[in-house]
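Engineer: Please find one structure pasted underneath; my questions will follow.
The values are calculated or read from the model by the stated rules, or taken from the named source; none is laboratory data. The structure displayed is predicted, hence computed values, not measured ones. Every residue, glycine as well, gets a Cβ built from its backbone with ideal geometry; the counts of neighbours run over all protein chains shown.
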Amino acid sequence: MRRCRRAMYAGSFVLAMLAVCAGTAVAQTAQSAAVAKSLTAALDQAKLSAIAAADPASPGVYVAALYYPGAELLVVQAKYSAPAAMDATLTSKDYREAYVDLNGAAEPGTKIFIEDLKADGLNANPGNDQPFDSYDATSQKAQFNHDWKAQKMSEDEYKKLFATADQQYTHMLTLLLDELKKPS
């Protein structure tokens with residue numbers, strides 16, 4: 001009987017540890033975190049507060065970012081209404097102007113805007129009294145503050161939207177990082 005109880009307690013402990021580990025796996029850092037860290041380090045090293053690039057896989061689509069060190073990364077991706085003008089802006093490396101132009105003259109229905117507070121990648125569960133990231137695309141908007149009910153979403157919808165936003169954001173940051181790595 002005593003041996004059976006020990007086995008039962010050991011089994012309960014193992015199940016509890018598995019639950020903790022599974023919860024930790026769900027709360028792990030988003031894939032955008034590592035790319036955001038690399039991009040902000042490269043921007044710091046280059047002493048830049050803005051960067052922009054064309055998306056080689058999608059003609060006419062551009063991505064641009066404004067960077068406030070340690071505070072915020074504002075990133076926009078969209079199809080631009082005058083690609084020749086944007087290409088000229090990128091060639092002259094006037095990245096801040098590219099950001100302003102892309103943010104203001106995106107073709108309707110193509111814009112994705114991400115506000116990454118802390119410039120550390122997206123975070124689905126920032127904790128109480130912590131700044132939260134936001135995502136704004138034509139058909140979907142979200143504040144990643146872990147309050148899906150206030151946004152009229154189910155928890156699964158929130159998680160799915162976060163995964164989509166994180167994937168898109170990682171792609172956007174990768175394009176910007178690749179632009180920074182190009183030889184001058």
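Engineer: Just checking, which of THR164, THR138 is more than 15 Å from the chain's Cα centre (by Cα) and under 16 Å from VAL75 (Cα atoms)?
Structural biologist: None of the others qualify; the one that does is THR138.
Engineer: Please give the number of the condition GLN130 fails out of (1) in a loop (DSSP other than H, G, I, E, B); (2) touching a strand residue (DSSP E or B) at 6+ places or on another chain (Cβ under 7 Å).
Structural biologist: Here GLN130 meets the rest and fails (2).
Engineer: Taking ALA30 as the residue in question, decide whether it is modelled with pLDDT under 95 and touching a helix residue (DSSP H, G or I) at 6+ places or on another chain (Cβ under 6 Å).
Structural biologist: For ALA30, the condition - modelled with pLDDT under 95 and touching a helix residue (DSSP H, G or I) at 6+ places or on another chain (Cβ under 6 Å) - is met.
Engineer: Then there is this: Quick check: anything in the range 46-61 at pLDDT 95 or above and among the basic types (Lys, Arg)?
Structural biologist: yes
Engineer: Further, regarding this structure: Could you tell me how many of the residues in the range 135-147 are surrounded by 14 or more Cβ atoms within 10 Å (Cβ to Cβ) and in a strand (DSSP E or B)?
Structural biologist: 6
Engineer: Okay, moving on. On the basis of being assigned to a loop (DSSP other than H, G, I, E, B), among the acidic types (Asp, Glu) and within 21 Å of HIS146 (Cα to Cα), does ASP120 make the cut?
Structural biologist: yes
Engineer: Taking the conditions exactly as written (closer than 24 Å to LEU43 by Cα, surrounded by fewer than 17 Cβ atoms within 10 Å (Cβ to Cβ), at pLDDT 95 or above and in contact with a strand residue (DSSP E or B) (Cβ under 9 Å, 6 or more places away or on another chain)), does ASP116 satisfy them or not?
Structural biologist: So ASP116 does not fit the description; no.
Engineer: Hey, can you tell me all the residues within the range 57-81 that are surrounded by fewer than 23 Cβ atoms within 10 Å (Cβ to Cβ), free of Cβ contacts under 8 Å to residues at least 40 places away in the same chain and among the β-branched types (Val, Ile, Thr)?
Structural biologist: Of everything in the range 57-81, nothing turns out to be surrounded by fewer than 23 Cβ atoms within 10 Å (Cβ to Cβ), free of Cβ contacts under 8 Å to residues at least 40 places away in the same chain and among the β-branched types (Val, Ile, Thr).
Engineer: Across the range 87-103, what is the total count of residues that are touching a strand residue (DSSP E or B) at 6+ places or on another chain (Cβ under 8 Å), surrounded by fewer than 18 Cβ atoms within 10 Å (Cβ to Cβ) and acidic (Asp, Glu)?
Structural biologist: Adding up the residues that qualify gives 1.
Engineer: Could you tell me which of the residues ALA150, ALA84, ALA165, ALA106 is over 27 Å from ALA41 (Cα atoms), crowded, with 20+ Cβ neighbours inside 10 Å and either modelled with pLDDT of 95 or more or out of contact with any helix residue (DSSP H, G or I) (no Cβ under 8 Å at 6 or more places or on another chain) (or both)?
Structural biologist: ALA106
Engineer: Something else about it: Give me the residue from the range 83-133 that is among the acidic types (Asp, Glu) and in contact (Cβ under 8 Å) with a residue 12 or more places away in the chain and, out of that set, farthest from TYR158 (Cα to Cα).
Structural biologist: Looking at residues that are among the acidic types (Asp, Glu) and in contact (Cβ under 8 Å) with a residue 12 or more places away in the chain, I get ASP87.
Engineer: Still on this structure: Could you go through the range 33-40 and let me know if any residue there is polar (S, T, N, Q), in a helix (DSSP H, G or I), under 30 Å from GLY127 (Cβ atoms) and at pLDDT 95 or above.
Structural biologist: yes
Engineer: Select from the range 34-56 the residues that are loosely packed, with under 13 Cβ neighbours inside 10 Å and among the aliphatic types (A, V, I, L, M) and list them in ascending order.
Structural biologist: ALA41, ALA46
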